[in-house]
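The values are calculated or read from the model by the stated rules, or taken from the named source; none is laboratory data. Everything numeric in this text was worked out from a predicted model, so none of it was measured. Cβ sites come from the backbone with ideal geometry, for glycine too, and all protein chains shown count toward neighbours. Note: areas computed on protein heavy atoms with side chains; ligands, DNA, RNA excluded. Shrake-Rupley method; radii C 1.70, N 1.55, O 1.52, S 1.80 Å.
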Amino acid sequence: MRNSRRLLRPGLTLAAAAALPASLAGPSAAASGISVSTIGSTVSVVTSACTQSNGSWGNASLISSRQGNFSQGRQVALSGTTVSQSAAWSGVSPGTYTVVVMCSNGTTAGTQSVIVSAPSASNAPTTSSTFTPAPPRGVQGGVGGASRDYGPLTLGIGATLVTAAVAATVWFLRRRSKPYRL
């Protein structure tokens with residue numbers, strides 16, 4: 001009886017620790033299902049989120065800051081295959097725009113803002129991607145593996161392991177400090 005009680009507490013602690021990563025992970029933020037780029041005065045969008053319905057993949061709309069919704073923007077029909085669909089607008093004037101892709105089944109594949117720059121003297125193409133570059137942080141000497149960005153599941157598992165190790169250490173040291181009993 002006494003042994004079963006000793007095993008019960010750590011067992012409950014381990015069960016709670018095992019459930020911790022799932023609660024920390026929570027719902028993940030849905031990433032935009034589109035990729036928008038600009039080259040000069042041409043804006044293009046690529047997605048793989050749409051399915052063909054009645055011979056149409058859907059529409060993409062380029063909305064300026066003065067326009068309020070999808071129907072007011074410059075609309076282009078998506079073209080492509082089951083793997084990838086795309087649309088493009090040429091002759092776009094400099095400014096900030098929002099690209100919205102609506103699939104033929106009525107769902108939104110994604111929304112993303114893009115900035116079209118004025119043509120430069122060198123006519124070098126400019127590209128805007130879905131990722132924001134990280135600020136420069138120097139050499140990061142001695143950081144090791146800590147320079148990667150880990151998700152909440154990995155961090156939850158790590159926190160659980162550290163907590164279990166600390167609890168086991170405290171338990172061991174407390175048991176060791178008690179006098180031997182018969």
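Within region 59-89, the set of residues being more than 26 Å from the chain's Cα centre (by Cα), modelled with pLDDT under 85, among the small types (Gly, Ala, Ser) and farther than 16 Å from residue 107 by Cα comprises 68 only.
From the list 79, 65, 61, 35, the lone residue that is in contact with a helix residue (DSSP H, G or I) (Cβ under 6 Å, 6 or more places away or on another chain) and on the phi < 0 side of the Ramachandran plot is 61. Test residue 114 against the criterion of being open to solvent by less than 50 Å² (accessible area, probe 1.4 Å) and either at pLDDT 85 or above or part of a strand (DSSP E or B) (or both), and give yes or no. Against the criterion (open to solvent by less than 50 Å² (accessible area, probe 1.4 Å) and either at pLDDT 85 or above or part of a strand (DSSP E or B) (or both)), residue 114 qualifies.
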